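Data block below; observations after.
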Amino acid sequence: MDLNAFWGLVETSAAETSGQDERLEWLTAALAVMPPGEVVEFAVRLDEVRRRVDTWEHWQAADLICGGLCSDDGFFYFQAWLVGQGRAVFDAVAADPDALAESPHIRFLASWGGVHAWADEDWPDWEGLDYVAGEALDGDLETELASRGLDLLVSPAPEGEQFDFADPAGIAARLPRLGALFGKVA
């Protein structure tokens with residue numbers, strides 16, 4: 001499965017269903033009828049695209065959106081949510097985390113005035129996407145990956161030195177539009 005086929009599945013799941021649970025069911029069913037190698041490749045492509053947004057800057061953006069409540073698990077699931085937004089949005093955010101300020105869903109979340117007002121289904125996370133390939137595969141995904149010498153991310157692993165996510169000067173420098181949207185910079 002190449003990158004175009006991966007994105008095709010992700011985007012078709014959004015067009016054919018409503019809600020994350022239905023999308024997961026659709027993706028699992030679509031993958032289950034594919035050859036095992038294609039299912040493994042779906043997991044590999046997910047890992048590859050996720051690594052593009054596995055940076056401290058993207059984590060800061062997620063933390064800002066989530067009101068400082070973005071643990072390593074939360075960021076990992078946020079990365080999957082970004083994938084679920086589709087290729088165009090994902091590519092824009094991969095190139096510039098501040099592009100999240102243009103996302104209709106992020107703008108909706110900002111309008112609620114804080115994470116405590118959000119419904120569970122509104123949180124920008126999609127943990128279930130990590131399990132789709134394993135559920136669709138007739139066999140053990142970990143064994144298949146190991147036989148290919150592949151290790152997928154199981155939590156964030158940004159390179160470089162972490163910085164203070166809450167520093168107003170840092171937010172203004174790295175995420176000015178997102179910071180303004182969430183009231184962290186003027």
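Conditions (1) within 16 Å of ILE65 (Cβ to Cβ); (2) of a type in the set (Phe, Trp, Tyr); (3) in contact (Cβ under 8 Å) with a residue 60 or more places away in the chain; (4) out of contact with any strand residue (DSSP E or B) (no Cβ under 9 Å at 6 or more places or on another chain), marked per residue:
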| site | (1), (2), (3), (4) |
| --- | --- |
| LEU137 | no, no, yes, yes |
| LEU141 | no, no, yes, yes |
| ALA146 | no, no, no, yes |
| LEU150 | no, no, yes, yes |
| SER155 | no, no, yes, yes |
| ALA173 | no, no, no, yes |
| GLY179 | yes, no, yes, yes |
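With the requirement that a residue be surrounded by 13 or more Cβ atoms within 10 Å (Cβ to Cβ), touching a residue at least 60 places away in the same chain (Cβ under 8 Å) and not in a loop (DSSP other than H, G, I, E, B), what does segment 114-130 give you?
Residues satisfying the conditions are GLY128, LEU129, ASP130.
Tell me which residues, restricted to segment 135-186, are of a type in the set (Ser, Thr, Tyr) and under 21 Å from the mean Cα position of the chain (by Cα).
Residue satisfying the conditions is SER155 alone.
Inside segment 41-106, counting only helices (runs of 4 or more DSSP H) that do not spill past its ends, which hold 2 or more residues that are under 22 Å from SER13 (Cβ atoms)?
72-84, 87-95
Considering only segment 26-39, state which residues are out of contact with any Asp or Glu (no Cβ under 6 Å at 6 or more places or on another chain), farther than 13 Å from ASP130 by Cα and assigned to a helix (DSSP H, G or I).
Once the filter is applied, which keeps residues that are out of contact with any Asp or Glu (no Cβ under 6 Å at 6 or more places or on another chain), farther than 13 Å from ASP130 by Cα and assigned to a helix (DSSP H, G or I), segment 26-39 yields ALA29, ALA30, LEU31, ALA32, PRO36, GLY37, GLU38.
Within segment 3-58, restricting attention to residues that are among the acidic types (Asp, Glu) and in contact (Cβ under 8 Å) with a residue 40 or more places away in the chain, which residue is surrounded by the fewest Cβ atoms within 10 Å (Cβ to Cβ)?
ASP21
Sort through LEU82, LEU64, LEU100, LEU109 and tell me the only one that's buried (at least 16 other Cβ atoms within 10 Å of the Cβ), over 18 Å from ALA180 (Cα atoms), aliphatic (A, V, I, L, M) and modelled with pLDDT of 95 or more.
Just a single option satisfies the conditions, and that option is LEU82.
The values are calculated or read from the model by the stated rules, or taken from the named source; none is laboratory data. Just so you know, these numbers come straight off a predicted model, no measurement behind them. We place every Cβ from the backbone using ideal geometry, glycine too, and count neighbours over all the protein chains shown.
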